[in-house]
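**Student:** Please find one structure pasted underneath; my questions will follow.
The values are calculated or read from the model by the stated rules, or taken from the named source; none is laboratory data. Remember, it's a predicted structure, so these values are computed and weren't measured experimentally. Neighbour counts run over all protein chains shown; Cβ positions are idealised from the backbone, glycine included.
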Amino acid sequence: MSNTKARLPQPVASEHIPLKARNVSFSWESTPLHWLPGDPFTTHTINVLHLLLPAGERWFVHVYKQVLPHIRDERLREDVIGFIGQEAMHSQAHDEVLPHLREQGLDPTPYTAQVDWLFEKLLGDRTLPPGRARHWWLMERVALIAAIEHYTAFLGDWVLNAQELDRRGADPTMLDLLRWHGAEEVEHRSVAFDLFTHVDGGYRRRVRTWATAFTALVFLWQRGARFFMENDPTLTDGKASFRDFRRSGRAGTLPTTSDMIRSIPRYLSRAYHPSQEGSTEQAVAYLASSPAATAAEARAHTNGAA
Amino acid sequence: MPLPLRAARTALLVTGAALLTRRALRRRIDASPLWPLPALEEPISGQPRSRALTLRVARHERVAEGVVQLRLEGGHLAALPAWEPGAHLDLVLPSGRVRQYSLCGDPEDTSSYTVATRLIGPDEGGRGGSREVHEALREGAEVEVRGPRNRFPLLDDTASYVFVAGGIGITPILAMVRAADAAGADWRLLYCGRSRASMPFLEELEKLGGAEGRVSVVAEDVSGRPDVGAFLREGAQGGAGVYVCGPEGLMDAVAGALPEGCSLHLERFAPAASAGGGSAFEVELRRSGRTVSVGADTTVLAAVRAELPDVPYSCEQGFCGTCQHRVLEGEIDHRDELLTDGERGDSMLICVSRARGTRLVLDL
């Protein structure tokens, strides 16, 4: 049995820091529809985040509120409490982009109403009887969140390093939203996985929920990008294709296909721990310079001290 | 049939079926990119509680002794969100302080918001917000606002209105007086302040009051304290709606002298979110059948956590919304910046908000 021990997930201790929600605020009225100038495809592919995250991260919070009584480790409880607040703020911040899109003639409601259904109904509490069924469904959702968080951390790490977006003159407010969010995702990337390991940790469940989450993400993402491209009032024949995705990946304005494929076996490895990828130091450094995060810091300071 | 031939036939069939399926799917998808998921009938996403706007200070003028009025314009926006008399804006000042200021302009004007603020020195309990508005928000400066929200709406359930304003408390009342006058309603105003020079909008109000003497101005340096009782006895006929904004003392005086049948509406100068501080009270947790006491220097959350350690919370500053709970009984002293006016009716953020009275009942 000596080699099982070696293959247990090894957290990198130096990557752990205490988590706290930041009271950020973004105003959108000067952000153009194509916030990455001249590249509607990349703009809208990243905009899909605003379609999925308000409902998705609200659902994370909803599920995690229910899992609190199952936590037997004080440090993990602290982490989960911090995680909940950060996710709640992510949901609120992305939700505020949607009315702005609507005002620019791109109404996201047909799509977001479906995402709302997905998270509120399909993945909701489903009026299960207390006991095994309810517990099974809670654990299934906790595992799903861990799998999704593997991708949010991947995207967070990517956006923190996506210098090409700066070079092409992306809107600074949108870039700050993405990087503030990305940095917090990197900061708390181990929480969902640690929680799953703490309350269940079954490998079969991990693989099963990964497959579900990955399929759902691919399905929802391509659909969202196509939805935006087809309904963009400034494009006459807007299309989104896998070829465009690969092209943007090569240009550095989206993650590359090969990076995405390579991230799959890493999550499925028995030795995986999220602290092995991404850099907390880089995330913290960005948060120390982010306009939204520093304004939130000032607000917490002046109002808290009053 | 020999094996290779059979395998080739199977491969051909599978490829053919796959191609057909792909074409059918592609057609379906092209026809409607949103096939085939059900949707929530009343969508939740895309309707944030509030939105931030960055506005430009287009005019910064002194309208009375120690009072400046700001005109804030949203250059990029076709129209600013609408508001009704009594509404306020949250201003995020350059230092990060958040302060509430009542809107005192014209609700019909969708290109700008107008607020007025009096400089409150540290000796009067000022915490620096008004000084920043006076000194840092010069013409051309940008300021982030949230709202507008209305915690002090002017209801049209009464035939007559009585307004009482103390000092800078005139700002929400001014918009109300204009609206009541425009609607042809019967209204009266008692406007008190330290001196006429320190009271903004006097000229306009006295003009609105006209010869019928609808407006009584009481400047303390000349006439001393206002006789609120006498004003209400004379001015508030049965069933009038009484709207008051001003210092605590003034509001207490009005509440004490309120004639029978009149409804009272108060706008307090609420301090921005500040945890702790206030009086002690009790909280009943109805579902768990327990009662906890909340001390003056502790929060509802802390008291509840001692009994129910798994109660969800996170930021402890009233912005993330995790600790929102339903309130079954008791008047709430809301101290957060998050909840909408609708949510404030029957829920609270237990990390910062408190009881106005001595008791709250939570659905916990």
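**Student:** Name the pairs whose Cβ atoms lie under 6 Å apart, with the first residue in segment B:147-162 and in contact (Cβ under 8 Å) with a residue 24 or more places away in the chain and under 30 Å from A:Ser27 (Cβ atoms), the second of a type in the set (Asp, Glu) and crowded, with 20+ Cβ neighbours inside 10 Å, and 6 or more positions between them or separate chains?
**Tutor:** Short answer, once both residue conditions are applied: B:Phe152/B:Glu267.
**Student:** May I pose another question? Can you tell me which residues in segment B:78-91 are within 12 Å of chain A (Cβ to nearest Cβ), crowded, with 19+ Cβ neighbours inside 10 Å and not in a strand (DSSP E or B)?
**Tutor:** B:Leu80, the sole residue that qualifies.
**Student:** Related question: Would you call A:Thr112 among the β-branched types (Val, Ile, Thr), within 10 Å of another protein chain (Cβ to nearest Cβ) and surrounded by 23 or more Cβ atoms within 10 Å (Cβ to Cβ)?
**Tutor:** It is true that A:Thr112 is among the β-branched types (Val, Ile, Thr), within 10 Å of another protein chain (Cβ to nearest Cβ) and surrounded by 23 or more Cβ atoms within 10 Å (Cβ to Cβ).
**Student:** Being modelled with pLDDT under 95, out of contact with any Ser or Thr (no Cβ under 8 Å at 6 or more places or on another chain) and within 14 Å of chain A (Cβ to nearest Cβ) is the requirement here; does B:Gly75 meet it?
**Tutor:** yes
**Student:** What number goes with the only condition from (1) away from every other protein chain (no Cβ under 14 Å); (2) of a type in the set (Val, Ile, Thr); (3) closer than 24 Å to A:His44 by Cα that A:Thr209 does not pass?
**Tutor:** Against the list (1) away from every other protein chain (no Cβ under 14 Å); (2) of a type in the set (Val, Ile, Thr); (3) closer than 24 Å to A:His44 by Cα, A:Thr209 comes up short only on (3).
**Student:** Are any of the residues in segment B:58-71 surrounded by 11 or more Cβ atoms within 10 Å (Cβ to Cβ) and within 13 Å of chain A (Cβ to nearest Cβ)?
**Tutor:** Checked against the condition, which is being surrounded by 11 or more Cβ atoms within 10 Å (Cβ to Cβ) and within 13 Å of chain A (Cβ to nearest Cβ), segment B:58-71 yields no hits at all.
**Student:** Among the residues of segment A:83-99, are any of a type in the set (Val, Ile, Thr) and within 12 Å of chain B (Cβ to nearest Cβ)?
**Tutor:** Yes.
**Student:** While we're on this one: Has segment B:161-173 got at least one residue that is among the hydroxyl-bearing types (Ser, Thr, Tyr), in contact with a Ser or Thr (Cβ under 6 Å, 6 or more places away or on another chain) and surrounded by 23 or more Cβ atoms within 10 Å (Cβ to Cβ)?
**Tutor:** Within segment B:161-173 (the criterion being among the hydroxyl-bearing types (Ser, Thr, Tyr), in contact with a Ser or Thr (Cβ under 6 Å, 6 or more places away or on another chain) and surrounded by 23 or more Cβ atoms within 10 Å (Cβ to Cβ)), the answer is yes, since at least one residue qualifies.
**Student:** May I pose another question? Being over 30 Å from A:Glu103 (Cβ atoms), of a type in the set (D, E, K, R) and crowded, with 19+ Cβ neighbours inside 10 Å narrows it down to one of A:Arg250, A:Arg246, A:Arg206, A:Arg270, so name that one.
**Tutor:** A:Arg206
**Student:** Within segment B:94-113, which residues are small (Gly, Ala, Ser) and out of contact with any Pro (no Cβ under 6 Å at 6 or more places or on another chain)?
**Tutor:** Passing the criteria: B:Ser95, B:Gly96, B:Gly105, B:Ser111, B:Ser112.
**Student:** Continuing with this model, one more query. Evaluate segment A:73-86: report whether one residue or more is among the aromatic types (Phe, Trp, Tyr), closer than 12 Å to A:Leu195 by Cα and either free of Cβ contacts under 8 Å to residues at least 40 places away in the same chain or surrounded by 21 or more Cβ atoms within 10 Å (Cβ to Cβ) (or both).
**Tutor:** The answer is yes; a qualifying residue exists.
**Student:** Also: Mind counting the residues in segment B:333-364 that are outside any strand (DSSP E or B), surrounded by fewer than 21 Cβ atoms within 10 Å (Cβ to Cβ) and small (Gly, Ala, Ser)?
**Tutor:** 3
**Student:** Of all residues in segment B:282-332 being more than 14 Å from chain A (Cβ to nearest Cβ), surrounded by 13 or more Cβ atoms within 10 Å (Cβ to Cβ) and in contact with a Gly (Cβ under 7 Å, 6 or more places away or on another chain), which is nearest to B:Pro48 (Cα to Cα)?
**Tutor:** B:Gly330
**Student:** Turning to a different aspect of this structure: In this structure, does B:Pro94 turn out to be touching a residue at least 12 places away in the same chain (Cβ under 8 Å) and within 14 Å of chain A (Cβ to nearest Cβ)?
**Tutor:** Answer is yes for this residue.
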